[in-house]
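Q: Just dropping this structure here.
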Amino acid sequence: MNAPSAPAATHAASAPLLQLQGLSVRLPPGADREHAIRGLDIELAANEILCVVGESGSGKSMTASAVMRLLPTGVRASAGRIVFSGRDLLELSEAKMREIRGAQIAMVFQEPMTALNPLRTVGDQIGEMFRIHSTLDDGEIAQRVLALLREVRIPDPEASARAYPHELSGGQRQRAMIAMALALEPRVLIADEPTTALDVTTQAQILALIRDLQRRKGTAVLFITHDFGVVAEIADRVAVMQNGELVELGPVRQVLEAPRHAYTKQLIAAVPPLAPPPAQPVSDEPELLIEGLTKVYRTGGFLGRGARVTRALDGVSLTLPKGATLGVVGESGSGKSTLARCIVRLLDPDAGRIRIGDADLATMSRSALRSSTRRVQMVFQDPFASLNPRRRAGDLVAQGPVAHGVPRREALARARELFALVGLDPAAVDRYPHEFSGGQRQRIGLARALALDPEVLVADEPVSALDVSVQAQVLQLLAELKGRLGLSMVFVTHDLRVAAQICDLVAVMHNGSVVESGVAARVFTEPQHDYTRALIEAIPGRHWSQRIASEPPLMEAMR
């Protein structure tokens, strides 16, 4: 029987290093509720990893901001104490708090690309920690920076120190953020969703790095996440938050395997297991046929000489049967999103065919595409970025039909029908994107894609940014719509657990090529390629989720 791989809890043997005592954080007037956090009591001991979990709006990130005294404008701590080494951080002056930030309490942010200055090199930004908090000279700082980059296992530390943030991969940027946070060997490290947007292998590396650094340096880690697989992989104890309140707190094994609160049970039950459902027969009739698709990027060089050549797609051939869901999985840079964009002709392939019926989308001119692209529509990863914030939701859904000649009044009436179809209030068509939650915005994106009655739906990471319960709702909605409307679907994801639950077939991509494909039940239970096996092995909390799924009494207890 596989148990969670996190180390045994050390909390009971250590005195609290950080204590939140009755902490309440008040939101500004006009917010949807009065408090972001209400009466929060938690303790963090030295050499402990405490995971704080919950959905968006639960207050977990606000807790981290409160500890760092970095609350948004208009938001304030209205009650309680934050005690660190015997001092209440809420009573310190800003000057005293600056001495503590970075030096004694450091933070790793969720999105390093927005946390890092794009105009300064990575080495310069890490070195700033020493320039502010130490008396080291430039030569000593440079050596410390390189030592930190080596410690977080960034390849070629010298080149990475000279690089700007956009020149590093997502995983490398996150490692640079961790190096910056660890520069002054803080006693407390706060990690706010540091692995949410990362591939499973990079995610596994970052988790192993944080756990290794915590064990070697005795650092106390407050790790914020909504992923219970991550919790199973790294936590000593778990705090579950809902609507700004602590609803459950306990050792990782107890919370994951015998949760007491209904909300905790609900979250765990929504975690998609890796075990796929029994294979269903698929049609022999192809809906979409991709043959030898190639896309090459050339960057740098002069007049074509010395340019760097990247084969984003290298002769990809796939078949999507009618009424089936084909999952395309792989890491960032594998080519899966490039494939999705080529299918809907947001990118022009350099070679190959994309056949739907008698039409070859790959070779069509832009003018000829106008009538054919309505047969293939796309749901994007980030609905907030893909929805025009200045237009009403109904207009966004009606935009496609209107462009194809449907009268606006008729298109808006259809938009209301589609809102009801995807589980939204039809009256909400007059609201703007910012007035919806993340899950609701994804439903708007889905309604927009369905407005042209497509035969093929291409979904590019449609649930990667959603909380686990909202993710489960959207996945169930996609499955229902596919059956009701007779859709065929290409589902792009880096989350193999999600792919296992929704896909009939799976294609595994690596460096622009398909390295393995077949029935999902076979690929996930009997992978043939080393790369596929590596992806499955890297899934956080894999053994825990498999155990929960394989023992009906445990899973039934979660419901």
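Q: Which lysines, on any chain, are close to Lys322 with Cα under 29 Å apart, when same-chain ones fewer than 8 places away are left out?
A: Hits, sequence-local ones excluded: Lys295, Lys336, Lys482.
Q: Rounded to the nearest 10 degrees, what's the angle between the helix 138-151 long axis and the longest principal axis of the chain, both from Cα atoms, 0 to 90?
A: That helix lies at roughly 60 degrees to the long axis.
Q: Against the longest alpha carbon principal axis of the chain, how many degrees, from 0 to 90 and to the nearest 10, is the axis of helix 468-485 turned?
A: 10 degrees
Q: Among 490-501, 466-477, how do they line up by average Cβ neighbours within 10 Å per residue, starting with the highest?
A: Per-residue Cβ counts within 10 Å, averaged per peptide and sorted highest first, yield 490-501, 466-477.
Q: Now, a different point. Counting helices only, and only those DSSP H runs with n ≥ 4, report the 222 nm mean residue ellipticity of the chain as the sum of -39,500 (n - 2.57) divided by its residues, in deg cm²/dmol to the nearest 500.
A: -11000 deg cm²/dmol
Q: Same structure again: Output the peptides 64-74, 242-252, 223-233 sorted from most to least packed, where packing is the average of other Cβ atoms within 10 Å over each peptide's residues.
A: Those peptides, ordered most packed to least, come out 223-233, 242-252, 64-74.
Q: Hey, another quick one. What length, rounded to one decimal in nm, is gained on full extension from Gln280 through to Ala15, with 0.36 nm per residue of separation minus their alpha-carbon distance?
A: 89.9 nm
Q: Taking the Cβ-Cβ separation of His434 and Gln143 as r and a Förster radius of 51 Å, what is the calculated FRET efficiency to the nearest 0.05?
A: Between His434 and Gln143 the formula returns 0.60.
Q: For segment 72-82, in order, what is each residue's ³J(HN,Hα) by Karplus, 6.51 cos²θ - 1.76 cosθ + 1.60 with θ = phi - 60°, in whole Hz (x at glycine and Pro)?
A: Karplus values, whole Hz, x for Gly and Pro: x, 4, x, 9, 9, 6, 9, 7, x, 9, 10.
Q: How much length is gained on full extension from Glu91 to Ser169, taking 0.36 nm per residue of separation minus their Cα-Cα distance?
A: 24.1 nm is the gain from fully extending Glu91 to Ser169.
Q: Which label marks the calculated value of semi-axes √(5λ) of the Cα gyration tensor in Å, given the options (i) 48, 37, 26; (ii) 78, 36, 18; (iii) 41, 28, 25?
A: It is the value labelled (iii).
Q: Another question, then. I'd like the orientation of helix 200-217 relative to the chain: the angle between its Cα long axis and the longest Cα principal axis, in ° from 0 to 90, rounded to 10.
A: 0 degrees
Q: Taking every DSSP beta bridge with both residues inside the chain, roughly what % is antiparallel (nearest 5)?
A: Bridges in the chain are about 55 percent antiparallel.
Q: To the nearest µm²/s, what D does Stokes-Einstein give for segment 74-213 at 25 °C and 0.890 mPa s, using the Kirkwood radius over alpha carbon pairs as Rh?
A: Estimated via Stokes-Einstein, D reaches 154 µm²/s.
Each value in this text was obtained by applying a stated rule to the coordinates, not by laboratory testing. The structure presented is a predicted model; accordingly, all values stated were derived computationally and were not measured. Every residue, glycine as well, gets a Cβ built from its backbone with ideal geometry; the counts of neighbours run over all protein chains shown.
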